[in-house]
Amino acid sequence: MAPSKKKHASNQPCVIPGGFTVLSLQFGSDSVAQHQLYVKEHKVRAEKCSHRPLDRTLFVLNIPPYCPEGVVKDLFSQFGSVQLVELRDHPGSFQESGPKLSRFFKPAAKQGFKVGYIVFHNSSSIKAAKSHPHDVPLVVSTEQRPVRTGVQKWIQAYTESFIQPDKLQQIVDSFMEDYDKRKEEEAEKQKEEAEQQQEDEEGWVKVTRGPKGTKARPHSEAANKKALQKEIRKKKRKELLNFYTWQHRNTQKEHIAELRKKFEEDKQRIALLRAQRKFKPY
Amino acid sequence: MKKKQTVAEEPGEAPVKAKRSKPEEAEGEGVVYHPVKLSRSDLYRPPSADELNQLKEAESLFHCSLLKMQVRPLTFLTSAHVNNNNNKLSHIKVPFLLVPKTTKGKFHMAPPASIDLVGSYPLGTCIKPRITVDLAVTIPADVLHPKDVLNQRYPRKRALYLAGLAQHLASSSDIGTMRYSCLHGNRLRPVLLLTPPCKDSSSFTLRVHACPPPGFFKPSRFHPQRNNIRTDWYTGSQTPLSDHRNSFADGVALLKVWLRQRELDQGTGGFNGFLASMLLTYLLITHRISNTMTAYQLLRNSLNFLASTDLTVNGISLARDPDSTAPSLADFHNAFQVVFVDPSGHLNMCADMTACTYKQLQAEASLSMQFWDDPTVDGFHGLLMTPKPMIRTSDHVFQLCELVKLQSSCKKLNLLSELMDHSGNYVHTALPFILSLLQRGLGERIHLLTHSLSPEPESDAPKHKAQPPLSFGLLLNPELATSVLERGPSADSPKAAEFRQLWGSRSELRRFQDSAITEAVLWEGKSMCQKQLVPKQIITHLLQLHADIPESSVRYVGAMVDDVIKTGSEPSTGEEESLLVVQSYDDLSRKLWRLEDLPLSITAVQGAHPALRYTQVFPPRPLKMDYSFFDRDKPSRSLVPKEGKPCPAYITPITVICHMEGSGKWPHDRLAIRHIRAAFHIRLGELLKKHHNYTCRPGPTHLDVWKDGLVFRIQVAYHREPQVLRESVTAEGLQVVRDNEEAQALEMATIHKPLLTSTLHGLQQQHPCFGAACRLAKRWLGAQLFSDDITEDTADLLVASVFLQPAPFTPPGSPQVGFLRFLHLLSSFDWRNNPLVVNLNNQLTAADYTEIKNDFMASRESLPVMFIATPKEKKLSIWTKKAPSVQILQRVVMLAAESLKVLEQQLMDGGQIQDVVMRPPLDAYDVLIHLNVKQVPLLSQAVDPPTVTFGRGVMAGSVTQAGGALPVIDYNPVALYLAELRESFGDLALFFCDPYGGTVIAVLWKPKAFIPTPFKTSQMTARSVEVTGEQVNAIPNVEAILEDFRIMGQGLVKSVEARTEKWSF
């Protein structure tokens, strides 16, 4: 079932409309079924990111869950040496992650099918990959490189989840040191900005472009809202209620409308109950 | 047709035409409430005076008009033609037990003197279903003889007369079927049942009563103190009902519905429809109600009267000026248990009623009044719409199976004269005596003892033998019912003899701690599940001792479903284990509080695990590990599962949340907070190790503590962390607060779950069987593969609502009845249109209820399908946000209804109990993944006890309290495998598994997944392509997926059974 259309002769790459080449992949040499990987050179109109050089990056769809980065790297090494493998849940642009985290503090990665961006050392490797015949499957787990799944894998993961308290402490300490440093730097920067806003001894204020200073407007959404509400309340206080006759009349009208609406709602509720035949006790 | 008519008559005919057509078109299943939209012109029209009045009253009338509209469809004035009835009975039998065979007298047949339509039909008070039309046929005077009152001669003649009538009617072609029955189950009063042959009117039956001519017998002959045999009330009572207004009829109909829902109106000695109308008549005569009252008020007043009047002590009489020969009320009280005298003053209409039945009626009435007055309860629904079968009402039920044995009881109880009164009906004779015996024996342990009313048999000729078993229901008093000691009077008191007489050889002299020496009976029972059955021991003992009824013919339905949550070699349903866990946790909590040298102090220690609120299906047991079974990770002093060995015993980490004091020292950054928390885990671990020698393993998210053979997982929490997670800074430097899943999950774990745990822990203290009911419910959900859709917390809340809003029942007093009501709640609640409000700690007021309901109605579409509101969380239903989905909920509802039906039937009818409801139907699924039992750690919890057992690294012996290597914690291959499957194939299929020792994973393809979709880079997971010209379609690569099931579960999966015949792509 795997390669769906056998219209290409064997030893030929299978290219489907859209420009993707179909590669087949199976778990072991004795597996009966194959997954299909869809590969294409990475092409984006505007990505400045240097992590995925356009001419050397291969975009791969549908990588099974039992192929972590190391395995993928090995699999694609047959087309040329691989510089970097990036596996993602969904296709998308490269995201800058925050401060460097130890693996114990990273959120648990989702297991599942992935898309991959494989950066080769050499741009010719892309061509090699794209011309790989579809009836020669890539094999994930071989004797030289067994891939653990199932119980073996879970036991391994369980063992790897252990961490020495002193090592953990070390990680925490180094992170917090880093964090404090960053905080300090930020505070320094803010202080500088604030200084720049102040008058110098001759009474001049330096006006610059770019993000305005901290004082210019409320810094958070909540503060914005508060200011707005204050304004509304002020307005309300100034207003007189039931002062003119028409105002009084309007209030009464609103009241009746409210009652009517309620009445209609009640009626509908009854109709609903009736419609559900809720009145049949048995 | 009837329906349309009433819609048109609806009371609220406001001039507003806005949505008139809507109710009609919305009939049927899928009706949904839509917010009302009125146009501006409709809303702001000038109001008329009439309309103003109507609007103002609308709110107060809502309840009333609802009831009024309800009454209409109920009361059914049949338009069938009465004169078109007659029938056939192939061989005519005399509907009477001729014991003794002969008696004096002559009998000949003659046409009836008159035929009258009597009873509820001509009065318009009869109700659906099973409408009966009563015909009184007057026996001509020359057939009878004045001396026929003696020795049952009259009843015999009456039976013969009926037989004669039947023979005559048998030749007529207008009658469909013809059977005999007896009025109110009394065999002395046979009646003839006729049904018309046409199918459409088969819903009603014609009941022919034979009665003597008016004034033929002198009423004084039937004085209860004379040695005569009482006659039928039908002889005298033509009631002064005839010219009452319609609301009276409605009131009677409502009362009848109320009685019917409580199974009080059918059978011998019930409070039947006739008595209901008589009661209302009595109230009318005594001016407790008036003709101008609405049906609603009539029902209320009559229930109030029933609740406050004890007819077993103060009887009432309809006779206004009884003649001098009539017996006094005191005479009646001497002869009967319940007294309600008819207008003639000679007849007790409640003659057959036992005191227990009346007490039940009274209890029901006062219960109904109670929740009628409660604004938070939907009184109408509980009052008239919910059936209360005995098995769902009573905490324990037991049945007397072989009723023939009652013959010997009559002998033993010395009831020969009473037996004569009942013409040899030993069941009715022995019943009152058995009831009073049990009442005495059970005493304070029960609130109420009820019994089923034996149905009126319908057959060609009556027999005694083929009677269904007699059922008794017990409403337990939870505090006293389980006590194993029955302490009697002191040895020298005069009451001691009475006590010894009651208990026989079980009564012993015992010396107590307060140095009193008293008579006492000690029942067996160590664990809670044995103590639950103390009432059973009492009942079987008393019946055997005093009534000669062997234990074998008593079928006790008290804890029959509890087997599925029993574990271990000793019989226990987990109460003791739960208590042990809670005690160990309390100890840990104390020790945490006392820790010093922490940078910040601890502000709260809260449990957040079902085991800490007694609702864990199989509570964790203290374990002792066999080190040789495991590999070891030396540096962290931990055991590691060994490859090739069976999966080690599963150890649940019991979550404990430890809140740290807020302080300026906490950073205002999500990552930094996480690191600080980790530092706290390390510090706490160090201190616990130092002071108490507990083996600990700190990690970034939690700290595992090995204590008393249990594992506690301590999570440090900082109360501002969710807030920090919600804050973010936009590109312009504006700080915004946005809700997100991460923050919600954290709040759930650190705020909502601990709160729920402590609240439900409190509920357990009030209702001792709450925990067990929860566990049964969750075991059922697990067995039906719904554990992942209806989470533990949701299930606990559902059961809590059964205990907190029991109306129209009382709070469950046994796990079994709690479980049945849980199933009933699941299956009958209208999840589409109503929020389920769980009023924990009674914090919600009536105003809150309205608010919740209005909010719910306003945004129904965006809310979870199963909506549960609690006092702390009224608007979002966080517990059911993710699951269940509509389809799953539908299936749950269906299976719950089915299980309830099967289970109740099994419980009441005998036969082999349970398991059927605990076995999921697997034929609906597309793929079954069979697991290797060796790697299923919870195998011993399976519904079907496993045939093979594996060593799982656990040793017998006493558990070490502290120290030792850390065991394998929270390692369950099945759960890991399921998580992996769901993450990989979640968009293609659903995966179901019983978490309690299930050995099969059931897979259901999502129907949408198999529709070919155009090639899209974001949706290519596990799909293959099909190329047709330029069109590329993607379809799931099923073969590879099935192979993946095997690969991903290597070592765990035994086989993958693909039921290809079910698939249709």
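Just so it is clear, none of the values below were taken in a lab; they were calculated from the coordinates. Note that the coordinates shown come from a computational prediction; the quantities given were computed from them, not determined experimentally. Counting neighbours? That spans all protein chains shown, and the Cβs are built from the backbone with ideal geometry, glycine included.
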task = With a cut-off of at most 11 other beta carbons within 10 Å, and DSSP calling the residue loop, which trypsin sites (Lys or Arg not before Pro) in segment B:292-379 qualify? Please list them.
result = B:R320
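List the trypsin sites (Lys or Arg not before Pro) within segment B:705-740 that fall in a DSSP loop (any state other than H, G, I, E or B) and whose Cβ has at most 15 other Cβ atoms within 10 Å. Spell out each step's value before the answer.
Details: sites: B:K707, B:R713, B:R720, B:R726, B:R738; in loops: B:R720, B:R738.
Here the sparse-neighbourhood loop sites are B:R720, B:R738.
So which trypsin sites (Lys or Arg not before Pro) in segment B:562-666 end up in coil per DSSP with only 10 or fewer other C-beta atoms within 10 Å? Provide the component values of the computation, followed by the final result.
Numbers: sites: B:K566, B:R590, B:K591, B:R594, B:R613, B:K624, B:R632, B:R637, B:K642, B:K665; in loops: B:K566, B:R637, B:K642, B:K665.
Here the trypsin sites (Lys or Arg not before Pro) that fit, given the DSSP loop and packing criteria, are B:K665.
What does the extension gain come out to for B:E873 and B:M420, with contour length at 0.36 nm per residue minus their alpha carbon separation? List each step's numbers first, then the result.
Working: separation 453, 0.36 × 453 = 163.08 nm, distance 6.50 nm.
Gain on stretching B:E873 to B:M420: 156.6 nm.
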inquiry  = Under 5 Å between amide hydrogens, which residues at least 5 positions from B:F809 or on another chain qualify, with H placed 1.01 Å from N in the peptide plane?
reply    = none
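Which pairs in the list A:K183/A:K226; A:K183/A:K225; B:K874/B:K901; A:K114/B:K934; B:K934/B:K1054 are over 22 Å apart, alpha-carbon to alpha-carbon?
Working: A:K183/A:K226 28 Å; A:K183/A:K225 28 Å; B:K874/B:K901 33 Å; A:K114/B:K934 32 Å; B:K934/B:K1054 10 Å.
Long pairs (Cα-Cα over 22 Å): A:K183/A:K226; A:K183/A:K225; B:K874/B:K901; A:K114/B:K934.
Averaged over A:159-170, how many beta carbons belonging to a partner chain fall within 10 Å of each residue's beta carbon? Write down the numbers at each step before the final one.
Numbers: counts 6, 0, 6, 9, 7, 4, 14, 2, 1, 9, 6, 0.
Across A:159-170, the average partner-chain Cβ count within 10 Å equals 5.
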note = Inter-chain shielding metric for A:14-23, i.e. average beta-carbon neighbours from other chains within 10 angstrom, reads 3
ask   = Taking a 26 Å limit on the Cα-Cα distance, which of the listed pairs B:K566/B:K642; B:K882/B:K1008; A:K153/B:K634 fall beyond it?
value = B:K566/B:K642
note = So, with points 7 Å from each Cα along the Cβ direction, the B:H691-A:L241 label distance in nm works out to 5.7 nm
message = Restricting to Cα pairs below 8 Å that are 6+ residues apart, what does the relative contact order work out to for segment B:878-1018? Please round to a whole percent.
response = 27 percent
Among B:1034-1040, B:818-824, the order from most to least packed when residues are scored by Cβ within 10 Å on average = B:818-824, B:1034-1040
message = Could you tell me the relative contact order of segment B:732-846? Use alpha-carbon pairs under 8 Å, at least six residues apart, and round to a whole percent.
response = 26 percent
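Can you pull the mean other chain C-beta count within 10 Å for peptide B:1040-1046? Before the final figure, lay out each step's value.
Details: counts 14, 3, 2, 9, 9, 0, 6.
Taking all residues of B:1040-1046 together, the mean is 6.
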note = Along segment B:637-653, Karplus-curve 3J(HN,Hα) (6.51, -1.76, 1.60; θ = phi - 60°) to the nearest Hz, with x for Gly and Pro, reads 6, 10, 8, 10, x, 8, 5, x, 8, x, 4, x, 4, 7, 10, 7, x
key: Under 5 Å, built H, 5+ apart or other chain: amide partners of B:V640   = B:D631, B:R632, B:D633
ask   = PRE reach from B:S527 (point 7 Å along Cα→Cβ): which of segment B:925-943 fall under 20 Å by backbone N?
value = B:938-943
query = Applying 1/(1 + (r/R0)^6) with R0 = 45 Å to the Cβ-Cβ distance of B:S728 and B:D374, what FRET efficiency is obtained, to the nearest 0.05?
reply = 0.45
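Quick one: grab the alpha carbon gyration tensor of segment A:226-274, order the square roots of its eigenvalues as a ≥ b ≥ c, and give me rounded if a/c is under 1.5, else prolate or oblate depending on whether a/b is larger than b/c. Walk me through the numbers on the way to the answer.
Values: a/c = 8.58, a/b = 1.86, b/c = 4.61.
Here segment A:226-274 falls in the oblate category.
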request  = Quick one: what are the phi-derived ³J(HN,Hα) couplings along segment A:134-149, Karplus 6.51/-1.76/1.60 with θ = phi - 60°, whole Hz, x for glycine and proline?
outcome  = 6, 8, 9, x, 7, 10, 6, 10, 10, 5, 5, 10, x, 9, 7, 9
task = For segment B:786-919, state the average projected area of the convex hull of the C-alpha atoms over all orientations, rounded to one decimal in nm².
result = 8.5 nm²
key: Within segment B:504-540, backbone nitrogen closer than 17 Å to the virtual label 7 Å beyond the Cα of B:S490 toward Cβ   = B:509-520
note = Phi angles of segment A:15-31, converted by Karplus (6.51 cos²θ - 1.76 cosθ + 1.60, θ = phi - 60°) into ³J(HN,Hα) in whole Hz with x for Gly and Pro, give 10, 9, x, x, x, 7, 9, 8, 10, 9, 9, 10, 6, x, 5, 9, 5
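Given N residues in chain A, what is its alpha carbon radius of gyration divided by 2.2 N^0.38 Å? Walk me through the numbers before you get to the answer.
On the way: Rg = 32.9 Å, N = 282, 2.2 N^0.38 = 18.8 Å.
Expressed relative to 2.2 N^0.38 Å, the Cα Rg reads 1.75.
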inquiry  = Which one, A:G80, A:G18, A:G70, has the greatest fluctuation when you compute a Gaussian network model over chain A with C-alpha springs under 10 angstrom?
reply    = A:G18
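Taking a ≥ b ≥ c as the square roots of the eigenvalues of the Cα gyration tensor of segment A:14-147, is the shape rounded (a/c under 1.5), prolate (a/b larger than b/c) or oblate? If you can, show how the numbers build up before the last one.
Numbers: a/c = 1.74, a/b = 1.17, b/c = 1.49.
It is oblate, given that a/c is not under 1.5 and a/b is not larger than b/c.
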query = Does segment B:908-1065 classify as rounded, prolate or oblate by the C-alpha gyration tensor (a ≥ b ≥ c root eigenvalues; a/c under 1.5 gives rounded; else a/b over b/c gives prolate, otherwise oblate)?
reply = oblate
query = Taking H as built 1.01 Å from N, whose amide H comes closer than 5 Å to the amide H of A:S123, not counting residues under 5 places away?
reply = none
inquiry  = Within chain A, which is the longest segment that contains none of the GluC sites (Glu not before Pro) sitting in a DSSP loop with at most 12 other Cβ atoms within 10 Å?
reply    = A:1-95
